[in-house]
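J.: Okay, here's the structure, questions in a sec.
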Amino acid sequence: MAEKIILGLCTSGSRLKVSVLARGRFFQAQKKVFNQELFLFPLVKRELKKAGAELRGVNTVCAARGPGRFTGIRISLTLAGALKALAGARVYTATLFEILALQAAESAHFRAWAKESGGARVAALLHAFKDEYFCQFFTSGKPPKPEGEPVWLKEEEMRALLSGIGSPYYAIADAEEAPGIYGLLPGNAVKAPP
């Protein structure tokens, strides 16, 4: 049986993110660049080399499918599709909302909050561009279940939405992409730690 080598890709934001899981070890790198297509292969090859693996040995690819810039998303999905077609790699995709909600649901911080408050909702927040933001709510579980489609709102509309939620919820956001994003939340909101 071939060794399991998993390649993780995210090209939907301003940072190109690559991760490799091989031989029970995890390797990751990110680079804030505009033309991610120029840096994707060198970064992937570097992380695979650290793991003692090669691109042709990748048998599973996990790629973020947005939201984000179409051109950026296309870069990682194209590589994933090529590895599927050429090497038979299995491909899995998830939205950034799903990834954030899963990170929250699996954290000790969330579990402690849920036990104490009886809460089970997660709000996943992402910066769209300028003064616009995305939000999607989930009910915790394995995996967390979306409560509906994501919303895309201007800053003040997002503040109003998040302040108007009656039941307790746990907020997780991509503060790396938008450092002030937690400022959208009301003062009593429970925020995921960095």
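J.: Could you check region 1-41 and list, in sequence order, the residues that are part of a loop (DSSP other than H, G, I, E, B) and closer than 21 Å to ALA87 by Cα?
T.: Answer for region 1-41, where residues must be part of a loop (DSSP other than H, G, I, E, B) and closer than 21 Å to ALA87 by Cα: MET1, ALA2, GLU3, LYS4, ARG23.
J.: Yes or no: region 61-84 includes at least one residue that is closer than 22 Å to PRO194 by Cβ, in a strand (DSSP E or B) and open to solvent by less than 60 Å² (accessible area, probe 1.4 Å).
T.: Yes: region 61-84 contains one or more residues that are closer than 22 Å to PRO194 by Cβ, in a strand (DSSP E or B) and open to solvent by less than 60 Å² (accessible area, probe 1.4 Å).
J.: OK, next. Pairs, please: C-beta under 6 Å, at least 6 apart or cross-chain, first residue in contact (Cβ under 8 Å) with a residue 24 or more places away in the chain and under 16 Å from GLU54 (Cβ atoms) and in region 9-31, second assigned to a strand (DSSP E or B) and among the aromatic types (Phe, Trp, Tyr)?
T.: Listed by first residue and then by second, the contacts come to VAL20/PHE27.
J.: Do you know which residues across region 1-40 are at pLDDT below 95 and aromatic (Phe, Trp, Tyr)?
T.: Residue satisfying the conditions is PHE34 alone.
J.: Sort out which residues of region 19-42 are hydrophobic (A, V, I, L, M, F, W, C) and over 20 Å from LEU126 (Cβ atoms), and write them in order of number. Full working, then the answer.
T.: Initial filter on region 19-42 (hydrophobic (A, V, I, L, M, F, W, C)): 20-22, 26-27, 29, 33-34, 38-41.
Once the filter is applied, which keeps residues that are hydrophobic (A, V, I, L, M, F, W, C) and over 20 Å from LEU126 (Cβ atoms), region 19-42 yields VAL20, LEU21, ALA22, PHE26, PHE27, ALA29, LEU38, PHE39, LEU40, PHE41.
J.: If the requirement is being more than 30 Å from VAL122 (Cβ to Cβ), of a type outside the set (Gly, Ala, Ser) and out of contact with any Leu (no Cβ under 9 Å at 6 or more places or on another chain), which of these qualifies: LYS45, LYS50?
T.: Answer to the check: LYS50.
J.: With a cut-off of at least 2 residues that are of a type outside the set (D, E, K, R) and loosely packed, with under 14 Cβ neighbours inside 10 Å, name the helices (runs of 4 or more DSSP H) lying wholly within region 90-194. If you could, list the steps in order and put the result at the bottom.
T.: Values: elements: 96-105, 108-117, 155-163.
In region 90-194, the matching helices (runs of 4 or more DSSP H) lie at 108-117, 155-163.
The values are calculated or read from the model by the stated rules, or taken from the named source; none is laboratory data. All of these numbers come straight from a predicted model, not from anything done at the bench. Cβ coordinates were reconstructed from backbone atoms using ideal geometry, including for glycine residues, and neighbour counts include every protein chain displayed. The accessibility values were calculated without ligands, DNA or RNA, using every heavy atom of the protein model including side chains. Shrake-Rupley method; radii C 1.70, N 1.55, O 1.52, S 1.80 Å.
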